[in-house]
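Beneath this line is the structure, given in structure tokens, with notes to follow.
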Amino acid sequence: MNKIEKRLVKMGVVLPPPLVLPSKNRTSAVQSGNLLFISGHGAALLDDLEVVKRGKVGLEVSEEEAYKTTRACAIKMLATVKHHIGDLDRVTQIVQIHGMINAHPDFERHNMVLNGASDFFYEVFGEDVGCHGRFSMGVGGLVACQPVEIEGIFEIAAG
């Protein structure tokens, strides 16, 4: 078992199945050079029954619930990364995370919701690899009325 997988075990995190998209015209990740571009991972496709999969943050979904859902999306994203590259120790840098928060217009703490993913990646990979650039934005709606969707860019060492 590699270093990152040992850390996940210590954290009590079991990776779910990776994201598999329903159409042949797109994939859950594309590698270009040493960058792995991860497609959007949203709440609607989560296996975790403990998270909120539908609703607007700041209306039907609390900030805390959205944080937990975003963390679960990050765990699913990590499963997708592993599916595409095999060994999570090949991740040399989490470059950037993008977060779209399906929020009520008065909700102003999108950044705190995206911390569910940022905190998770930082805890798993540590400061050198896990610290990343990011942006979060509120949107008027997402597919299946899910509260959050995240995507990311990971730098990968040659395998």
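For the stretch 97-109, the set of residues classified as surrounded by fewer than 22 Cβ atoms within 10 Å (Cβ to Cβ) and either in contact with a helix residue (DSSP H, G or I) (Cβ under 7 Å, 6 or more places away or on another chain) or free of Cβ contacts under 8 Å to residues at least 40 places away in the same chain (or both) consists of P105, E108, R109, listed by residue number.
When we screen V9, V51, V57, V61 for residues that are free of Cβ contacts under 8 Å to residues at least 60 places away in the same chain and either small (G, A, S) or crowded, with 17+ Cβ neighbours inside 10 Å (or both), the only hit is V51. Of the residues in the stretch 16-32, at least one is at pLDDT 95 or above, in contact with a helix residue (DSSP H, G or I) (Cβ under 7 Å, 6 or more places away or on another chain) and of a type in the set (S, T, Y). Applying the criterion of at least 1 residues that are more than 26 Å from A157 (Cβ to Cβ) to the strands (runs of 3 or more DSSP E) found wholly in the stretch 1-109 leaves 35-42, 91-102.
Selection over the stretch 116-159 of residues that are in a helix (DSSP H, G or I), in contact with a Ser or Thr (Cβ under 7 Å, 6 or more places away or on another chain) and more than 18 Å from M100 (Cβ to Cβ) gives a count of 1. Among the residues of the stretch 15-37, those that are over 16 Å from C73 (Cβ atoms), more than 14 Å from the chain's Cα centre (by Cα) and of a type in the set (A, V, I, L, M) comprise V30, L35.
Conditions (1) touching a residue at least 40 places away in the same chain (Cβ under 8 Å); (2) surrounded by fewer than 20 Cβ atoms within 10 Å (Cβ to Cβ); (3) in contact with a strand residue (DSSP E or B) (Cβ under 9 Å, 6 or more places away or on another chain), marked per residue:
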{"position": "F121", "(1), (2), (3)": "yes, no, yes"}
{"position": "E127", "(1), (2), (3)": "no, yes, no"}
{"position": "H132", "(1), (2), (3)": "no, yes, yes"}
{"position": "G140", "(1), (2), (3)": "no, yes, yes"}
{"position": "C145", "(1), (2), (3)": "yes, yes, yes"}
{"position": "V148", "(1), (2), (3)": "yes, no, yes"}
{"position": "A158", "(1), (2), (3)": "yes, yes, no"}
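The values are calculated or read from the model by the stated rules, or taken from the named source; none is laboratory data. This structure is a prediction, so every number in the text was calculated from the model and none was measured. Backbone-built Cβ (ideal geometry, glycine too); neighbour counts: all protein chains shown.
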